[in-house]
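A short reminder: the numbers here are calculations on the coordinates, not readings from a lab. Predicted model only: the values in this text are computed from it and were never measured. Using ideal geometry, Cβ is built from the backbone for each residue, glycine included, and neighbour counts are taken over all protein chains shown.
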Amino acid sequence: MADAPILELKGVSKNFGAVQALTKVDFETRGGEVMALVGDNGAGKSTLIKGVAGIYSFEEGDTYIDGQKVEIHGPREAADLGIEIVYQDLALADNLDVVNNMFLGRELIGSLRMLDEVKMEQAALETLDSLSVTTIRSVRQQVASLSGGQRQAIAVAKAVMWNSRLVILDEPTAALGVAQTRQVLDLVRRLADRGLGVVIISHNLHDIFEVSDRITVLRLGHKVALFEANKTTQQEVVHAITAGTLSHVPGMDEVEA
Amino acid sequence: MSEKQQEEISTPDEFKEALAYAATVEQETAPVAGVVNAETPDETMSDVLADWWRRVKVGDLGSLPIIVGLLIIAIIFYTQEPLFFSPRNFVNLLLQMAGIVTIAIGVVFVLLIGEIDLSIGFVSAVAGVGMTLLLRLDGPALPWPAAIGIALLTAALIGFLQGWIITRTGAHSFVVTLAGLLVWSGVVLIMTTVYSTAGTIVIQDETVIGIANDYLPPMWGWALWGVTNTIFAFSRISRYRTLQRQNLSSGPVTLLVLQILVVALITGGAVWYANQDRGVPVVFIIVLIFLFFWTIIADRTRFGRYVYAVGGNQEAARRAGINVDRIRVTVFMITSFMAGVGGIILASRLRSVDTATGGGNLMLNAIAAAVIGGTSLFGGVGFVMSALLGGLIIASVENGMGLLGLPSGVKFVVNGLVLLAAVLIDALSRRRRESSGIV
């Protein structure tokens, strides 16, 4: 893991009018690691990943993929760079089956410009198999009939099917029960074990500590801490989220005083 | 919302509940775990039937209401008037449903993306009247392919215009196409009265009149039956064998044989019965070709898949990189185009157009046909063949009431009730599906 991080942000800033959403934030994710991104509401987590996804562009700072400086101008470009994002609302079409959802927008075309359903079904089965997703009865059932955990698994599988290198998960366990959360966290771990970079956003510190290697804490648009998950405690992280651990966070002193 | 859930779940009571829920989930999922990777088990016929019945019970009715509805309609009209089942009336029925089924094919597409097009009735009239005017021997006197081509192009352009306004401005398709309904009804009135004060214009081309007034000679009917059924059987069997080879779920072989036999029997019976009278109407073959073509587009192409995706979850479609607006505009063009085809068929059947062309129940019947056939008004759910099934019901009811000589007032009431029944079935089965987690 000595090579350049898969994703590295250096000093990125983003403001929305008068609101400074991100201020000179550094962030990195290496291959094979799960990086947690935590912070209270309005800390800038979503802004950060939307910047990586190409939905926003940062006003300041640089983005590096594998040490190469890149500019990402839209979701398509992000996908081309191997970045896939699993949004909280999953973006699955309920009326389509599992295979069709996994291939949505990237269908395989066979002879006569017809969809190659057989090839797509096989590829979907292979991907789900490689991720050890075994709770889905049939890949030809409608997504609407799946449970929350199964849907999350499909959304993740969809993201990793395209030789992606970095998968960003936005609140993957927020709406799930205990057993399903377990399944999804296992899946997240397996992604990292395959050598992918994984960024997970969550409010649930218990989940974070279970699955992540490192934890980046944002507060009010600043990066306030970076922890190794096995060398810190929940209390320490909570403290960073709510009050900040750095004694002099740039621009923050007046607020705290 | 997620934060809220997170907070809620941290209170002890709810946590216990969550644990209990998790336990049930595990029980539910445990027995089926691993099936995906296992060899696909051979489904038997009883599995298929059990699965179908389970889906019906949770509100996924499929074609069931149509079959039941058709049976009820057939029994009622046959007991009142045995001529309802005569070969002559059967051929009439095929002729009567042709126009409405054609228009309803386009309606299926617009309903699939969760929109509506109220202008179809008068767009069909614009195409029908436009073609008739272009054929006038004392006017442009165009050859029939040119007249039909221009008429259909105009229809497609109208669809483009309306779709473009809807996607560009975000105005609701209901309102935009309602405006279209008024505009095109006015245009039809202007077009029909500008050349003749009587407002009736006769089609002056034998080929165009032949579209809806010619019949296949009996042997041709059988030849067509043989060829199409052979193709159908071969495509089914080859698909089955591919799925078997790849070890994907292919369904039981009994179902395959049954499908091929049932299709052969129904179509064979129809050809035989039509041949007792004038033969299979040419226009019905045209309708079948359109049904087949658009079914392939909807089920087997990228475009069709995107239509379903846009209707199911527009945001998901957008994030998947699908150009949602382009799909929507194209769908409005398809709807208008098929309305145009229907308008030409209707004009050909009457051999003339007049000021009333495109009015009356046409638009509502076409929409009702798509909905009765099983296409949801809420988007994302439906299939092209529902135009045929729903059109069959609507035409049967009209035809039967015509045979019984019922007054128009009663016809309107019955038509309204049939539409209401269809929409209620759609709404109720949808509610049922939602409560059981199936869309």
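The table below lists the values:
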item: Reciprocal mean inverse distance between Cα atoms of chain A - Kirkwood radius, Å; result: 19.1
item: Residue of B:Ala366, B:Ala198, B:Ala347 that the Gaussian network model of chain B assigns the largest fluctuation, springs spanning Cα pairs under 10 Å; result: B:Ala198
item: Interchain or long-range residues, amide H under 5 Å from A:Glu28's placed H; result: A:Leu9
item: Evaluated at q = 0.07, 0.11 Å⁻¹: base-10 log I(q)/I(0), Debye formula over Cα of chain B; result: -0.41, -0.96
item: Per-residue mean of C-beta atoms belonging to partner chains within 10 Å, peptide A:111-124; result: 3
item: Charge dipole (debye, nearest 20) of the stretch A:25-91; +1 at Cβ of Lys and Arg, -1 at Cβ of Asp and Glu; result: 140
item: Sum of -39500 (n - 2.57) over DSSP H runs of 4+, divided by residues of chain B (222 nm, nearest 500); result: -25500 deg cm²/dmol
item: Choice from A:Ala229, A:Ala43, A:Ala179 with maximal GNM fluctuation in chain A (Cα, 10 Å cutoff); result: A:Ala179
item: Cα long-axis angle, helix B:386-404 against chain B (0 to 90 degrees, to the nearest 10); result: 50
item: Size of electric dipole in the protein assembly as shown: Cβ of Lys, Arg +1 and of Asp, Glu -1, about Cα centre, debye, nearest 20; result: 2040
item: Using a Förster distance of 30 Å, the FRET efficiency for B:Ala146-B:Phe174 (Cβ separation, nearest 0.05); result: 0.30
item: Helix-only [θ]222 nm of chain A, DSSP H runs n ≥ 4, -39500 (n - 2.57) each, per residue, nearest 500; result: -9000 deg cm²/dmol
item: Debye equation applied to the C-alpha atoms of the stretch B:215-280, log10 I(q)/I(0) at 0.12, 0.27 Å⁻¹; result: -0.39, -1.08
item: Inter-chain Cβ neighbour average for residues A:196-206, partner chain, 10 Å; result: 1
item: Residue of B:Thr335, B:Thr254, B:Thr200 that the Gaussian network model of chain B assigns the largest fluctuation, springs spanning Cα pairs under 10 Å; result: B:Thr254
item: With eigenvalues of the C-alpha gyration tensor scaled by 5 and rooted, the stretch B:379-439, Å; result: 29, 14, 7
item: Degrees, to the nearest 10: B:218-245 long Cα axis against longest axis of chain B; result: 20
item: Kirkwood Rh, Cα atoms: Rg over Rh of the protein assembly as shown; result: 1.05
